[in-house]
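Participant: Have a look at this one before I ask anything.
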Amino acid sequence: MLLSKKTLEIREYTAGEQLNEGYIKLNSNENPYQPSPLVFNALKDINKLNFYPSPKSDALRHELGKLNDFVEDDIFVGNGSDEILGLAFLTYYNQKDKDIIFPDVTYSFYPVWADLYDINYRTIAQNSDFSINPQDYFNLDNCQGIIIANPNAPTTLEMAYEDIESIVVNNQDKVIIIDEAYADFGTYYCTALAKKYQNVLIVRTFSKGWSLAGIRCGYAMGSRVLIEGLNKIRDCFNSYSVDRLTQAAAIAAVKDRDYMHVCIQKVIATRERISSELRKRGYTVPQSKTNFLFITKDGFDARSVYQSLKEQKILIRHFNLPKIKNYLRITIGTDEQMDMLLDALNTIV
Ligand SMILES: *Cc1c(COP(=O)(O)O)cnc(C)c1O
């Protein structure tokens, strides 16, 4: 047998289909707008590619420190937030008799990392409207950590800041990871929690809000002990995971944050318009604080709608999982793309 038992047995994460040519691509929560022009300028000026990059992305951490009013030594940069989350699981969790805990309907990568590292996990069911009761995360037995995506994917919902803080306050002896992949489209960040509590790690990405899924860059903020741990584990794996091009592109993007905010506002305006159009047509549309919608309808056959849209060259995402198999996840594209989606849905459903 050429493959390890782990490789044979593990169920890997299934990413959205990456078909770019000829499709309206609303299946990976990418931003429909280009990143700042400063990013392209920075890439033109790239040099020193014969040398390794800064292992800890020093100049980028400096900019991120200014952006978030956070100590730059307490920031960790990674090759996409997925890499950081994967390293974080390995850095903080491995007690054999305890679970890590996350909501039932959330980012489907969390159980994959847990399985990869043999970390036990269990999930907590959300309410039928996918809202989360913070009290369900108090006084947990046999728990070694909690992962909360906020706003959550694929449900699109944002918890109240006070509710997140209450979970943190009730679990100060274990690391709480707050995955803020979509917080740029929400109403607040949890930065203050990472400053106030030693056990909070916030993870962000350039892939969604910053329109830079193509460069693979993310960052985490937390206490010195959490960040030092991540640095150590990164150096056990790949000391130079973030290349020079990526660091330069991300620095340029951060320097032009006003540009990013304009794009985010456009996405939010489209999100609100399309949410109300869909509700008028009888769809159930949870109040999204992300750059995508999670929709269903009475008597909906989500799988076949997904298929029909694909035939019409519109890609969205359907998860064949018990609690959400009647839902579709639709990324917010440009107004024009979303109008085409509405037209297509009108003829299919
Ligand atoms: C997209 C996404 C990520 C991964 O982002 P990358 O930085 O592109 O790896 C992490 N968490 C959630 C919830 C996401 O939706």
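Participant: Might you let me know whether the stretch 47-64 holds any residue that is out of contact with any strand residue (DSSP E or B) (no Cβ under 9 Å at 6 or more places or on another chain), assigned to a loop (DSSP other than H, G, I, E, B) and within 19 Å of GLY229 (Cβ to Cβ)?
Facilitator: So far as the stretch 47-64 goes, yes, one or more of its residues are out of contact with any strand residue (DSSP E or B) (no Cβ under 9 Å at 6 or more places or on another chain), assigned to a loop (DSSP other than H, G, I, E, B) and within 19 Å of GLY229 (Cβ to Cβ).
Participant: Take the residues in the stretch 163-185 that are polar (S, T, N, Q) and surrounded by fewer than 21 Cβ atoms within 10 Å (Cβ to Cβ), then tell me which one is nearest to the chain's Cα centre (by Cα).
Facilitator: Going through the qualifying residues, I end up with SER166.
Participant: Checking ALA88 against (1) in contact with a helix residue (DSSP H, G or I) (Cβ under 8 Å, 6 or more places away or on another chain); (2) more than 15 Å from the ligand (Cβ to nearest atom), which single condition isn't satisfied?
Facilitator: Failed condition: (2).
Participant: If you don't mind, another one. Output yes when any residue across the stretch 66-85 is without any contact (Cβ under 8 Å) to a residue 60 or more places away in the chain, within 16 Å of the ligand (Cβ to nearest atom) and either of a type in the set (A, V, I, L, M, F, W, C) or farther than 23 Å from PHE237 by Cα (or both), and no when none is.
Facilitator: no
Participant: Let me ask something else about it. Determine if the stretch 23-41 includes at least one residue that is under 21 Å from LYS255 (Cα atoms), aliphatic (A, V, I, L, M), more than 25 Å from the chain's Cα centre (by Cα) and surrounded by fewer than 19 Cβ atoms within 10 Å (Cβ to Cβ).
Facilitator: Within the stretch 23-41 (the criterion being under 21 Å from LYS255 (Cα atoms), aliphatic (A, V, I, L, M), more than 25 Å from the chain's Cα centre (by Cα) and surrounded by fewer than 19 Cβ atoms within 10 Å (Cβ to Cβ)), the answer is no, since none of the residues qualifies.
Participant: Condition first: within 16 Å of the ligand (Cβ to nearest atom) and within 23 Å of GLN135 (Cβ to Cβ). Now tell me which residues in the stretch 102-120 satisfy that.
Facilitator: Once the filter is applied, which keeps residues that are within 16 Å of the ligand (Cβ to nearest atom) and within 23 Å of GLN135 (Cβ to Cβ), the stretch 102-120 yields PHE102, PRO103, ASP104, VAL105, THR106, TYR107, TYR110.
Participant: What is the number of the single condition among (1) touching a residue at least 12 places away in the same chain (Cβ under 8 Å); (2) surrounded by fewer than 16 Cβ atoms within 10 Å (Cβ to Cβ); (3) not acidic (Asp, Glu) that GLN307 does not meet?
Facilitator: So the condition that GLN307 fails would be (1).
Participant: To continue, here is another question. Is one or more of the residues making up the stretch 15-31 without any contact (Cβ under 8 Å) to a residue 40 or more places away in the chain, more than 22 Å from ASP82 (Cα to Cα) and of a type in the set (A, V, I, L, M, F, W, C)?
Facilitator: no
Participant: LYS196 fails exactly one of the following numbered conditions: (1) over 16 Å from ILE84 (Cβ atoms); (2) among the basic types (Lys, Arg); (3) touching an Asp or Glu at 6+ places or on another chain (Cβ under 8 Å). What is the number of that condition?
Facilitator: Evaluating LYS196 over (1) over 16 Å from ILE84 (Cβ atoms); (2) among the basic types (Lys, Arg); (3) touching an Asp or Glu at 6+ places or on another chain (Cβ under 8 Å) leaves (3) as the failure.
Participant: Additional query: Check TYR93, TYR121 and return the single one that is farther than 25 Å from THR290 by Cα, assigned by TED's automatic domain parsing to the domain that holds LYS56 and buried (at least 22 other Cβ atoms within 10 Å of the Cβ).
Facilitator: TYR93
Participant: Name, by its number, the condition in (1) assigned to a helix (DSSP H, G or I); (2) within 13 Å of the ligand (Cβ to nearest atom) that does not hold for SER28.
Facilitator: Single failed check for SER28: (1).
Participant: Would you mind stating whether LYS310 is in a helix (DSSP H, G or I), outside the structural domain of ALA88 (by TED's automatic domain parsing) and not hydroxyl-bearing (Ser, Thr, Tyr)?
Facilitator: So LYS310 passes the test.
Participant: Still on this structure, I have one more. Looking at (1) outside any helix (DSSP H, G or I); (2) closer than 27 Å to ALA160 by Cβ; (3) outside the structural domain of SER108 (by TED's automatic domain parsing), find the lone condition where ASN320 falls short.
Facilitator: Condition (2) is where ASN320 drops out.
Participant: Related question: Assuming TYR52 fulfils every condition listed in (1) more than 30 Å from ARG271 (Cα to Cα); (2) of a type in the set (Phe, Trp, Tyr); (3) surrounded by 14 or more Cβ atoms within 10 Å (Cβ to Cβ) apart from one, which condition is it?
Facilitator: (3)
The values are calculated or read from the model by the stated rules, or taken from the named source; none is laboratory data. Nothing here was measured: the structure is a model prediction, and the numbers come from that model. We place every Cβ from the backbone using ideal geometry, glycine too, and count neighbours over all the protein chains shown.
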